[in-house]
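K.L.:
If you scroll down you'll find the structure; I have some questions about it.
The values are calculated or read from the model by the stated rules, or taken from the named source; none is laboratory data. As the structure is a prediction and not an experimental result, all values here were calculated from the model. All Cβ positions, glycine included, derive from the backbone under ideal geometry; neighbour counts span all protein chains shown.
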Amino acid sequence: MSPAVKYTLGRFGLFVVVFVLLLPVPLAFLVKAMIALLASAGFSYFLLAKWRNEMAEQLGTVAERRKAEKERLRAALAGDEAAAAAGDRAAVTPPAASAGGRTLSTPEPGGTPAEAPGGTPAAGDGRAPARADKGDNAAS
C-alpha cells in the first residue's frame, strides 16, 4: 500500500477514534468534530511520524523523477538527440511520409494524397501547422 494512502487512512482513523471517544461528552456535534480534528492532528504528529516520513520520501522521489524527465524533455525539444533517446517512455516516431522532399498530407477520399503548394499539408487535413515560439511576437 502506498505510504500516502497509509498516512491518510491513519489520520482519518485517529479522527474517528477521538470523535467516538467524545460522543458521551455533552457538547454540540460540530464542537466534538472540531475537538476531534485538533486532537487527531496532534496525535498524528507523534503516532504517525514513521508513515509521514515514508510519504515524504516517496513524494521526494517522485518529484526528482519528474524534474529529471522535465529536463530531458526540454533538452530534447532544444534539439539534443541523445536526451530524446534517453527517455524510457519516449517512443521514436517515424519521419513524415514524403515524396521528393515534399510532405504529403492524409489521403483524399479518392485515395491520392493531397498536397498544398510549398510541400506543406493541405488545409483541413486534421493536422495543425507548426507553431511559432512563444517569444516570437512578429507572427502575432
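K.L.:
Out of Val18, Val25, I need the residue that is modelled with pLDDT of 85 or more, surrounded by 14 or more Cβ atoms within 10 Å (Cβ to Cβ) and either part of a loop (DSSP other than H, G, I, E, B) or in contact with a Ser or Thr (Cβ under 6 Å, 6 or more places away or on another chain) (or both). Which one?
P.N.:
Step by step, each of Val18, Val25 is checked, and only Val18 is modelled with pLDDT of 85 or more, surrounded by 14 or more Cβ atoms within 10 Å (Cβ to Cβ) and either part of a loop (DSSP other than H, G, I, E, B) or in contact with a Ser or Thr (Cβ under 6 Å, 6 or more places away or on another chain) (or both).
K.L.:
Modelled with pLDDT under 90 and surrounded by 12 or more Cβ atoms within 10 Å (Cβ to Cβ): which single residue out of Gly101, Gly87, Gly111 fits that description?
P.N.:
So the residue among Gly101, Gly87, Gly111 that is modelled with pLDDT under 90 and surrounded by 12 or more Cβ atoms within 10 Å (Cβ to Cβ) is Gly87.
K.L.:
Those residues that are in contact with a helix residue (DSSP H, G or I) (Cβ under 6 Å, 6 or more places away or on another chain), in a helix (DSSP H, G or I) and closer than 13 Å to Lys6 by Cβ, I need them from region 33-71; list them, please.
P.N.:
Correct list: Ser44, Trp51, Arg52, Glu54, Met55, Gln58.
K.L.:
Of a type in the set (D, E, K, R) and in contact with a Ser or Thr (Cβ under 7 Å, 6 or more places away or on another chain): which single residue out of Arg72, Arg11 fits that description?
P.N.:
Of the residues listed, the single one that is of a type in the set (D, E, K, R) and in contact with a Ser or Thr (Cβ under 7 Å, 6 or more places away or on another chain) is Arg11.
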